[in-house]
Amino acid sequence: MKTEKRKDLHLKTAMKKESQFRKTSLFEEIELIHNPLLDCELTEIKTQTTFLGKKFSFPLCIRPITGGTKKSFELNKNIALACEKKGIGFALGSMRAGLENKSKIEFFKLRKYCPSIFLEANIGALELAKHSAKKIDDFAEEIQADAVSVHLNSAQELMQNSKTKGFSEVFNSIKNFAEQSNFPVIVKEVGNGISFETAKKLDSTKINAIDVAGRGGTSFVKIDSILHGKKRLGEVFGEFGIPTAASVLFTKKASKKKIIASGGIRNGLDVCKSLVLGADLAGIAVPAIRNAGNEKSVENLLDSFKEELVISMFLIGARNTEELKHKKFVLQDNLREWINA
Ligand SMILES: Cc1cc2nc3c(=O)[nH]c(=O)nc-3n(C[C@H](O)[C@H](O)[C@H](O)COP(=O)(O)O)c2cc1C
C-alpha cells in the first residue's frame, strides 16, 4: 500500500471506536491526595513549564500523527495554530514521505503557523537506519523543528508485514543518531509502551527524552490489523502493551531522561497524574486529530485540558508544576502488580 493512501486510511480508522484499547492506561489506579485547606486562590496556580529549552504555558504536547499529504497539512495547520495560541508543543507525523519524495517536504512546513512553540519532527526507527544523521538533520532544519523524535513500533510493523526485518539494528541506529545529530532526540513508542529494560538501555545513549506512548488510548495494532486484513492477529495482539501509568513509573525508575507520558491521556486530571508520577510533559494524539477539522475545536479541547489541570493542581495543593513532582500518590492493586513485575 502506498504511503499516502496508508496515511489517509490510518486517519480514517483512528476516528473510529475500534481504534482504541479496551484495556486502560491504569491512570484510574492512581489516586491523588486531596488537600482541602489551601493557602492560595485558583487564579494563582501556575502551570508553566520548560521542556528541552522551550517554554510551555502548561505541560501538554500534541504527539506525532500525520504529515506529508495535502490533507495532513490542513489538519496539522489547525493543530499548529491552536497550539501556538495556547502555548503548548506540537509534533508532526513521520517525515518518511518527505524523505522519499522531496516535493512532499512542503507539506511539513508548518513553522509559519506556530513561530514560537516547541515543534518536533518525527521518523520511524526502521527508517532511521536507512538515512544519514545529516539527511535527517537537514530535513528537521528545513522545517525549523526544535527536536527529532524516533518511534519504536515493532508491534505495529508486524501487523503491516510479519516478515519485516531490521529490528536488531534499531538500538545502534538510535545511539549513533543521538551522537551525531545537532537536535535533541526523543525516543517514543506508538501505543505499546516502554519497558524498564528499554528505558535503561536508552538511558545509556545521548538521547534527551523518552515518550512512553503506552497502552490505554489508541492501539496502532488494531488500526493496522484492520487496514491490512489481519483480523486474527488484531484479535490476539490488539490489547497487548504496557499501561501508560506503569510505563511512566518504569521509565522514571530506569532512566534520568526527560519523560513524556502519552497513550490514553484524555483529560487534565490525567496530565496532573502524569507529572505527579514523574513525567515532565503529557501528550495526546487522537483527541487532537479528532478535533483537527477546525482550529477552534482544537483550542476548546486544549482549554478543557488546562482548566482540568488547574483544578486538579488546586485540589491537591500544588501551586506550580515543580510542586506537582513532590506530591504523594496512592497506587491500587493492578498497577502495583505491574510495577513489581
Ligand atoms: C493516525 C495516527 C498516526 C500516527 N502516526 C504516528 C507517526 O507518524 N509517528 C509517531 O511517532 N507516532 C504516530 N502515532 C502514534 C501517536 O503519536 C501516539 O503515540 C498514539 O496515538 C497514542 O496516543 P493517544 O492514545 O493519545 O492517541 C500515530 C497515531 C495515529 C492515531
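We did not get these values from a lab; they are worked out from the coordinates using the rules stated. Keep in mind that what you see is a predicted model, and the values were worked out from it rather than measured. All Cβ positions, glycine included, derive from the backbone under ideal geometry; neighbour counts span all protein chains shown.
By other beta-carbon atoms within 10 Å, ranking L309, L75 with the fewest at the front produces L75, L309.
Could you compute the FRET efficiency for V330 and S103, with r as their C-beta to C-beta distance and R0 at 45 Å, rounded to 0.05?
Working: r = 54 Å, r/R0 = 1.20.
For V330 and S103, the calculated efficiency is 0.25.
Positive end of the dipole of the chain (Cβ unit charges, origin at the Cα centre): among T49, P36, T66, the Cα lying farthest that way belongs to T66. With the highest mean first, a sort of the peptides 36-45, 152-161 on other beta-carbon atoms found within 10 angstrom per residue produces 152-161, 36-45.
Within the chain, antiparallel bridges make up roughly 20 percent of the DSSP beta bridges whose residues both belong there.
In this simple spin-label model, placing a label point 7 Å from the Cα along the Cα-to-Cβ direction at both N320 and L37 gives a separation of 2.5 nm. Each label point was placed 7 Å from the Cα along the Cα-to-Cβ direction; for R22 and E179 their separation is 4.7 nm.
State whether segment 105-195 is rounded, prolate or oblate according to the following rule on the C-alpha gyration tensor (a ≥ b ≥ c being the square roots of its eigenvalues): a/c under 1.5 gives rounded; otherwise a/b larger than b/c gives prolate, and the remaining case gives oblate.
Numbers: a/c = 1.96, a/b = 1.62, b/c = 1.21.
Since a/c reaches 1.5 and a/b is larger than b/c, the shape of segment 105-195 is classed as prolate.
Annotation: peptides 219-228, 105-114, ranked by per-residue average of other Cβ atoms within 10 Å with the highest first, follow the order 219-228, 105-114.
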